[in-house]
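One structure below.
The values are calculated or read from the model by the stated rules, or taken from the named source; none is laboratory data. Since the structure is predicted, the reported quantities are computational estimates derived from the model, not experimental observations. Here the Cβ positions follow ideal geometry from the backbone for every residue, glycine too, while neighbour counts run over all protein chains shown. Quick note on the areas: whole protein, heavy atoms, side chains included, nothing else; ligands and nucleic acids left out. Shrake-Rupley method; radii C 1.70, N 1.55, O 1.52, S 1.80 Å.
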Amino acid sequence: NISLLSDVKDKLHLDYIQLDDGFQAAVGDWLDWNDKFPSPPNELVDSITKEGFRAGLWLAPFIVSRSSKLVREHPEWILRSSNGKRVRAGINPMWKGIIYYALDLTHPGYLEYLREVVRTAVHDWGFSILKLDFLYAACLPGERYDSETTAVETYRRGLSAIREAAGNETFLLG
């Protein structure tokens, strides 16, 4: 509730307000907000910054829920095991779809989507802090698009894409 921000500011000494998990239509569909957030994201950020806070956004950029639009539209972006199965990164009973998969951060299509998500969050919506979660998924074993890339190189490639898209002024928390 945005109207609570002025009360929070008066009672607590906070520097930023972070929008955490739950805004997205599904994990991986970061540009599609669910119906609980009827206002455009930039209006939410404007309300937060108007009260003197920095606005933060939670993202899990290296995983995707099996119920996401991204899985249906871009199955080639999911990391695969040597037998061709999707690499499961975990289970979260709180998420629609419950099972989530690791993304292939060496796939050029996914890297461009990742950059688009971060550019949109920072430059279009106005978030100045990104809390990045589930980053371990970049290092899970699997058959990558770029088969010569190690797990650590893949992890660095993903983080570099985020930093490049966010710019140096954006605070990244992993």
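Before moving on, here are some points about what is shown:
- Computed on segment 24-122, with alpha-carbon pairs under 8 angstrom and 6+ residues apart, the relative contact order is 27 percent.
- Apportionment of accessible area to carbon and sulfur, the chain, percent (1.4 Å): 51 percent
- Ordering of 107-118, 89-100, 34-45 by packing [mean C-beta count within 10 Å, highest first]: 107-118, 89-100, 34-45
- Length available on full extension from residue 47 to residue 115: 0.36 nm per residue minus the Cα-Cα distance, which gives 22.0 nm.
- Axis of helix 41-50 versus longest Cα principal axis of the chain: the two differ by about 40°, to the nearest ten degrees.
- Burial ranking of peptide ranges 129-137, 162-170 (average Cβ count within 10 Å, highest at the top): 129-137, 162-170
- Calculated FRET efficiency, residue 14 to residue 168, Cβ-Cβ distance, R0 = 25 Å: about 0.55 to the nearest 0.05.
- Taking label positions 7 Å along the Cα-Cβ direction at both residue 72 and residue 34, the computed distance is 1.7 nm, reported to one decimal.
- Calculated mean residue ellipticity at 222 nm for the chain: -8500 deg cm²/dmol, from DSSP H runs with n ≥ 4 weighted as -39500 (n - 2.57), summed, divided by the residue count and rounded to 500.
- Think of a 1.4 Å ball rolled over the protein heavy atoms: the chain then has 53 Å² of accessible area per residue.
- Under a Gaussian network description of the chain, with springs only between Cα atoms under 10 Å, the residue in 72, 119, 88 that fluctuates furthest is 72.
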